[in-house]
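The values are calculated or read from the model by the stated rules, or taken from the named source; none is laboratory data. Computed from a predicted structure; not experimentally measured. Heads up, the Cβs are rebuilt from the backbone with ideal geometry, glycines too, and the neighbour counts pull from every protein chain shown. Quick note on the areas: whole protein, heavy atoms, side chains included, nothing else; ligands and nucleic acids left out. Shrake-Rupley method; radii C 1.70, N 1.55, O 1.52, S 1.80 Å.
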Amino acid sequence: MSSSYDYLEFVLDQLSGLDDIDYRYMFGSFALYYQGKVAGFIINDRLLIKAVPSAVALMPDAEQVPPFPGGKPMILVEDYLEDRDFVKELFVRMYDELSFPKPKKRKCKRNNR
């Protein structure tokens, strides 16, 4: 099952007011970026965020599920998503614990002479 653009729009609306929220469509899901760092994913119309210590502290009882079989567990933000202020504060607090995406390696062209 893939994620819908309607759900993406709902999540983006909940995060409105934060600077530099972006997304990228990948394999039927969406990666969510906050100020250039991957903060979470929308998979099967569910918001999953990285299980960094600040997020776990803010949502100690939240369910942690793998985004795909064998994946590292992420926090399911289902019960908290209706609270716009909470979700924005969650992303702000997580920021320092998130890492920037690894730069892609450049492919070298061979000289065929």
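Put simply, the amide H of MET74, placed in the peptide plane, has neighbours under 5 Å in VAL65, leaving out anything fewer than 5 places away on its chain. Each peptide in 3-15, 52-64, 93-105 gets a packing score, the mean of other Cβ atoms within 10 Å over its residues, and the list from highest to lowest is 3-15, 52-64, 93-105.
Only lysine pairs 8 or more places apart or on separate chains count here, and in the chain those with Cα atoms under 19 Å apart total 10. Here the chain has 50 percent of its accessible surface on carbon and sulfur atoms, given a 1.4 Å probe and all protein chains in place. In the full protein context, the chain carries 69 Å² of accessible surface per residue, based on a 1.4 Å probe and ignoring ligands, DNA and RNA.
Using 1/(1 + (r/R0)^6) with R0 = 30 angstrom and r between the beta carbons of ARG93 and ASP45, what's the FRET efficiency to the nearest 0.05? With a Förster radius of 30 Å, E is 0.75. Dipole magnitude for the chain: computed about the Cα centre from +1 point charges on Lys and Arg Cβ and -1 point charges on Asp and Glu Cβ, it is near 1680 debye.
Placing unit charges on the Cβ atoms of the charged side chains and taking the dipole of the chain about its Cα centre, the candidate lying farthest along the positive direction among GLY71, PHE91, ALA55 is GLY71.
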